[in-house]
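The values are calculated or read from the model by the stated rules, or taken from the named source; none is laboratory data. Quantities reported herein were computed from a predicted structural model and do not represent experimental measurements. Using ideal geometry, Cβ is built from the backbone for each residue, glycine included, and neighbour counts are taken over all protein chains shown. Surface accessibility is based on the protein's heavy atoms, side chains included, excluding ligands, DNA and RNA. Shrake-Rupley method; radii C 1.70, N 1.55, O 1.52, S 1.80 Å.
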Amino acid sequence: MNKESFNRRDFLKSSTIGVGVLAASSSPVSIMAKELKKDSTKNSLPAIDVLVIGSGGAGLRAAVAVRKKYPNLSVVVVNKGMPSRNATCMAEGGINGVIDFENGDSNKLHAYDTVKGSDFLGDQDAIIKFAKKATEAIHELDYAGMPFNRQKDKSVARRFAGGAKYERCNYAADKTGSIMMHTCLDEAITYGVQFLLDHYLLDIATNEGECEGVVLLNIQNGKVLPVLAKSVILATGGYTRVFYNRTSTPFNASGDGIAAALRAGLAFKDPEMLQFHPTGVRNGGALITEAARGLGGKLINNKGERFMSKYSTRLELAPRDIVSRSIETEIRLGNGFSKGMDAYVLLDVTHLGEEKIMNELPQIRHVGLLFEGMDLVKEPIKIRPTAHYSMGGIEIAKFDDMSTHLAGLYAAGETSCASIHGANRLGGNSLADAAVTGKLAGEGAGEYASKKKNFSSGKHAKELAKQWRAKIKDITNSSSNTSEFYDLREEFGQYNWDNMGIFRTGEKLQKHIKILDDIWAKYNNIKIANPNMFYNTALIEYLEFGNLILLARCACLAALNRKESRGAHTREDYPKRDDVNFLKHSLVTLKDDKLHIAYKDVVITEFAVEERKY
Amino acid sequence: MKIIIDRFDGVKKYIQAYILDINEVKGKTLLALLQHIKRTQDISLNFTSACRMAICGACGVRVNGHSYLACDTKMDDLLAEYDYPDTFRISPLANFKVLSDLVVDWEPSIENLRKVKPTITAKDEFSEKNGCTQTQEEVDTIKKQWDCILCGCCASECNKLEADSSDYMQPFVYTHAFRAAYDSRSKDSLKHLKPAINNGLWNCVHCQECADRCPKGISAADDISNLRVLAMKKGLKKGTGPAHAEAFLLDLENTGRLNEIYLALRSEGVLANTTKIDIAYNLMKAGKMNPLHIFGDDKIEGHEDLIKMIKAARAANKE
Ligand SMILES: Cc1cc2nc3c(=O)[nH]c(=O)nc-3n(C[C@H](O)[C@H](O)[C@H](O)COP(=O)(O)OP(=O)(O)OC[C@H]3O[C@@H](n4cnc5c(N)ncnc54)[C@H](O)[C@@H]3O)c2cc1C
Ligand code: SF4
Ligand code: SF4
Ligand code: FES
């Protein structure tokens, strides 16, 4: 079969739509079938009304939102693996949203805490809307079957999360993310959303200022596939794997969607804002959730001191950036245990007692056993801050529909930057972000697709696909040393940690720009010695790594130019926040292989800028 | 130490051995070991993983024939479990289509989940605007099942799937049907129960392997039993399944142990069972059924209590 003649029928066949399902199922699929019949004459490319890339909380909520509001549109969710493997399922602590308005809390207070948490880099118009929608999202998830823990009065159970004045972090044991993601996945499955598993987004195709579709790599057989779409939603998660060897996020958090958007001409907003979580296990950075501190966990140094009292009156419940810096400072002062990359402090929850730990923190107890061989019930565990969340992402043009500056392209969740989190994201706000922005993007992309009459010709998608075929052939057909590639990735992670990690200086960042250029040059000379295109995971890792290098270069450029300290971004040579010069967002773009930086004002509406004290 | 891996390059199957120093093995998780092999010896080795902390379900594989989550299995424990062997055999999960090396195809599983409509339809008193209410006790009845991470370990061990997958789904699919059917917020448990019945609910042979191997301690076998109880309660008694259930009870009353071969004969008749000989053969071959059981078996401990429980349950059902 000629590659170009791969038509929509083949496309649908290759997605999970078996013949039996076509025959058996109800409305959603018959619409797909109708679509099938309509097509086939002149247009040879597969075409889908709304294409969602990524199936974390954001992507799944988007897909369901389209199906609910625009049942006549075809929706396909593309994912580079099985849909349930993502960062969303790893979230432990909980999801923010005020549901108890009786005891003084309000959406406005949630918004204020978020603005303050963001170190005033959050856009207040978006945040105020977000807080209101977060309340709605909790009820919607409950209605969709999410089994939250419950209070005595049968309402959803909530607890404190860092940086919040009220208990508004709703939870399901310490597996809130897993349970939320499976709720969303079940809902998508039930609502007839179709899935295209094992397909990797390579690039976005644009035509005259409009998104015409995407280019995918079918991982199962190595075929490069241009696909047309009336609208595309990017929900591919964050890029925290730039800190390859010390992060709490999954291996697939490689920022593919953001990199593709950059290549398509869009701006990467606030790329330097990478959040560190104070408590990762010392080995590799897997997460010990904030709930451990929320429930009363204590941080202890080598003198046996509960050292957080030196840094914040809120002790362990201060926001993440403050706690992370405090731990690193203790380690620098020689108050940690061990040295270098191995250094750590202790997190103690033993006083909570076995029953409470087993009931409310079973997952993190397990993590302690797995990575450190330590039982939290019996002894404090070794921890060190770990890269955790990407506040930066694709610039959003309008929060209400999560549209980008490219018509037809939408973004949601960690991939997007509607500036809800500014310079620092509060615990529990990112699941809420995924739920809220996912739904908005779904409705926005649905509306756009329902108004658009025809698909584009696909000229650019075909052209891009051709380039990718050549490139992939070149990468995989040569020979190279196996470990070379993995060593470079390891080195990359270590350099990023050392030069662009929790403490930054102009000097280190200047040097780092050069280092990243070198790594980029080396990377481009590396080949993958495996021409077998059946599920070539090394090729996928190679492509992901390329995206990570691009995004790290953006982050480094923006970090070098932001000569102030704000939220997660700490410049030791500029320790103060500088509202005169930097109360604005960084925007990095890519043109002719070069990076450019520009700035944009922060939107301030209701809350006056003030010093951030806890 | 020798690690033998079952390979598949998309066209042909073969095995490959990797030789490692014992120090390269110790202290690692099984996932870290696979990554180490890929990194230092063979970039073409394919497997999947994402979270490396036992929550995403990506890394299920078999070691010496049994399923494990690679990221959740320490090599030191494996060595001890198998009495310090000099070889391990690593294979993809069984009862899935293999795509490449240790990577399997999840598409059919998603379509199976679709059949049981895993999302509840909330009762009329609830709304999308205000959510639902539920007591913690009600959450607790379905809490365990929500731990399922779709790793496939249960399916890999399932005897029924191994014998014949044409009229059966992966164990976790029934677990998903259970959690929807038993949710107190749900308006209509039949929506999930009926497709479960129509897609093999009564074909489970109750070997308990799924429960044995689930890394999250979920028993799909129990969920299947409970769905059957619900089916009987709702009066869905047609077909071989419920007859099977009666025979099942009789068995338990007689010996306290399930006699698989008798059970099959009694509930479906000899004729229908001639088609099942190959199933029995497969089970015996896999060491999962003792052919001598056809001659009956000793009573198991606690049998009296079991009879009492069955009687009590029957009495309760009549009320
Ligand atoms: C350990 C941990 C704990 C956390 N705890 C909390 C918490 O308690 N509360 C909270 O609010 N937040 C928490 N977070 C953050 C939160 O989980 C994430 O920010 C959020 O879930 C992101 O959702 P998402 O849908 O945007 O992306 P993801 O869930 O990461 O989904 C991205 C999807 O895109 C797919 N994808 C990526 N690239 C491609 C490509 N090229 N082609 C095709 N598909 C692709 C991926 O496979 C994945 O399925 C935590 C995160 C981690 C890692
Ligand atoms: S008990 Fe049933 S579902 Fe579980 S492994 Fe045995 S046959 Fe399969
Ligand atoms: S029931 Fe257990 S073994 Fe089966 S898929 Fe779910 S978590 Fe895995
Ligand atoms: S990698 Fe996620 S369960 Fe093992």
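Yes or no, residue by residue, for (1) without any contact (Cβ under 8 Å) to a residue 60 or more places away in the chain; (2) in contact with a Gly (Cβ under 9 Å, 6 or more places away or on another chain):
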{"position": "A:H110", "(1), (2)": "yes, yes"}
{"position": "A:V115", "(1), (2)": "no, yes"}
{"position": "A:L121", "(1), (2)": "no, yes"}
{"position": "A:Q124", "(1), (2)": "no, no"}
{"position": "A:A131", "(1), (2)": "yes, yes"}
{"position": "A:A134", "(1), (2)": "no, yes"}
{"position": "A:A137", "(1), (2)": "no, yes"}
{"position": "A:Y143", "(1), (2)": "yes, yes"}
{"position": "A:R150", "(1), (2)": "yes, no"}
Next item on the list: Please specify each residue of the range A:114-165 satisfying the condition of being buried (at least 20 other Cβ atoms within 10 Å of the Cβ), closer than 23 Å to A:I288 by Cα and away from chain B (no Cβ under 14 Å).
Entry: A:T114, A:G117, A:S118, A:F160, A:A161, A:G162, A:G163, A:A164
Check: Is there a residue in the range A:397-404 that is part of a helix (DSSP H, G or I), within 23 Å of A:L551 (Cα to Cα) and open to solvent by 20 Å² or more (accessible area, probe 1.4 Å)?
Finding: no
Notebook entry, point to check: Only one of (1) surrounded by 20 or more Cβ atoms within 10 Å (Cβ to Cβ); (2) within 14 Å of ligand 2 (Cβ to nearest atom); (3) touching a residue at least 40 places away in the same chain (Cβ under 8 Å) is not met by B:L150, so which one is it?
Noted result: (2)
Item checked: Out of A:T476, A:T505, sole residue that is touching a Lys or Arg at 6+ places or on another chain (Cβ under 9 Å) and either aliphatic (A, V, I, L, M) or open to solvent by less than 10 Å² (accessible area, probe 1.4 Å) (or both) -> A:T476
Check: Given the structure, is A:R612 within 23 Å of A:A267 (Cβ to Cβ), of a type in the set (K, R) and open to solvent by less than 60 Å² (accessible area, probe 1.4 Å)?
Finding: no
Next item on the list: Enumerate the pairs (first residue in the range A:479-508 and facing chain B (nearest Cβ under 9 Å); second residue anywhere and among the aromatic types (F, W, Y) and in a helix (DSSP H, G or I)) with beta-carbon separation below 6 Å, excluding pairs fewer than 6 apart on the same chain, so at least 6 apart or on different chains.
Entry: none
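One line per residue, one yes/no per condition, for (1) at pLDDT below 95; (2) within 14 Å of another protein chain (Cβ to nearest Cβ); (3) in contact with a helix residue (DSSP H, G or I) (Cβ under 9 Å, 6 or more places away or on another chain):
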residue: A:R332; (1), (2), (3): yes, no, no
residue: A:M341; (1), (2), (3): yes, no, yes
residue: A:E354; (1), (2), (3): yes, no, no
residue: A:H366; (1), (2), (3): yes, yes, yes
residue: A:L376; (1), (2), (3): yes, no, yes
residue: A:I383; (1), (2), (3): yes, no, yes
residue: A:A387; (1), (2), (3): no, no, yes
residue: A:I394; (1), (2), (3): no, no, yes
residue: A:K398; (1), (2), (3): no, no, yes
Next item on the list: For the range A:280-299, name all the residues that are more than 14 Å from chain B (Cβ to nearest Cβ) and not in a loop (DSSP other than H, G, I, E, B).
Entry: A:A291, A:A292, A:R293, A:G294, A:K298, A:L299
Check: Do we have B:D42 as touching a residue at least 60 places away in the same chain (Cβ under 8 Å) and not basic (K, R) here?
Finding: no
Margin query: Being polar (S, T, N, Q), at pLDDT 95 or above and either in a loop (DSSP other than H, G, I, E, B) or touching a strand residue (DSSP E or B) at 6+ places or on another chain (Cβ under 6 Å) (or both) is the filter here; which residues of the range A:87-117 pass it?
Written below: A:N96, A:S106
Next item on the list: Considering only residues that are within 16 Å of ligand 4 (Cβ to nearest atom) and assigned to a helix (DSSP H, G or I), look in the range B:162-214 and name the one that is nearest to B:C148 (Cα to Cα).
Entry: B:F172
Check: Do any helices (runs of 4 or more DSSP H) lying entirely in the range A:452-565 carry at least 1 residues that are charged (D, E, K, R) and farther than 21 Å from A:R263 by Cα, and which ones are they?
Finding: A:482-500, A:506-525
Check: Can you name the residue in the range A:166-185 that is over 21 Å from the mean Cα position of the chain (by Cα) and among the charged types (D, E, K, R) and is also nearest to the other protein chains (Cβ to nearest Cβ) among such residues?
Finding: A:R168
Margin query: From the list A:T183, A:T279, A:T190, exactly one residue is more than 30 Å from B:K117 (Cβ to Cβ), touching a helix residue (DSSP H, G or I) at 6+ places or on another chain (Cβ under 9 Å) and of a type in the set (V, I, T). Which is it?
Written below: A:T279
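Condition test on B:D21, is it away from ligand 1 (no atom under 16 Å from the Cβ) and within 12 Å of chain A (Cβ to nearest Cβ)?
No; evaluated as a whole, the condition is false for this residue.
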Check: Does the range B:103-119 contain any residue that is within 16 Å of ligand 4 (Cβ to nearest atom), over 20 Å from A:D198 (Cα atoms), within 10 Å of chain A (Cβ to nearest Cβ) and modelled with pLDDT of 95 or more?
Finding: no
Check: So which residues in the range A:204-223 are surrounded by fewer than 24 Cβ atoms within 10 Å (Cβ to Cβ) and more than 14 Å from every other protein chain (Cβ to nearest Cβ), if there are any at all?
Finding: A:T206, A:N207, A:E208, A:G209, A:E210
Check: Looking at (1) farther than 30 Å from A:N359 by Cα; (2) within 9 Å of ligand 1 (Cβ to nearest atom); (3) not β-branched (V, I, T), which is the one condition that is false for A:S231?
Finding: (2)
Next item on the list: Could you pull out the residue among B:D77, B:D86, B:D124 that is more than 10 Å from chain A (Cβ to nearest Cβ) and at pLDDT below 95?
Entry: B:D77
Check: Could we say that A:N524 is more than 10 Å from chain B (Cβ to nearest Cβ), in contact with a helix residue (DSSP H, G or I) (Cβ under 9 Å, 6 or more places away or on another chain) and farther than 17 Å from A:G255 by Cβ here?
Finding: yes
Next item on the list: Would you check if A:I204 is under 21 Å from B:L113 (Cβ atoms) and outside any loop (DSSP other than H, G, I, E, B)?
Entry: no
Note to self: Residue under question is A:R314, and the condition is that it be free of Cβ contacts under 8 Å to residues at least 24 places away in the same chain and among the charged types (D, E, K, R); does it hold?
What the structure shows: no
Notebook entry, point to check: Out of curiosity, is A:R241 within 14 Å of ligand 1 (Cβ to nearest atom), open to solvent by 10 Å² or more (accessible area, probe 1.4 Å) and charged (D, E, K, R)?
Noted result: no
Item checked: Count of the range B:171-219 residues which are within 16 Å of ligand 2 (Cβ to nearest atom), closer than 26 Å to A:R150 by Cβ and not polar (S, T, N, Q) -> 10
Next item on the list: Could you check how many residues of the range A:370-388 are open to solvent by 10 Å² or more (accessible area, probe 1.4 Å) and in contact with a strand residue (DSSP E or B) (Cβ under 9 Å, 6 or more places away or on another chain)?
Entry: 11
Margin query: If B:L252 satisfies all but one of (1) touching a His at 6+ places or on another chain (Cβ under 9 Å); (2) more than 11 Å from ligand 3 (Cβ to nearest atom); (3) at pLDDT 95 or above, what's the number of the condition it fails?
Written below: (3)
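Hey, does the range B:133-143 have a residue that's surrounded by 19 or more Cβ atoms within 10 Å (Cβ to Cβ), assigned to a helix (DSSP H, G or I) and more than 7 Å from chain A (Cβ to nearest Cβ)?
no
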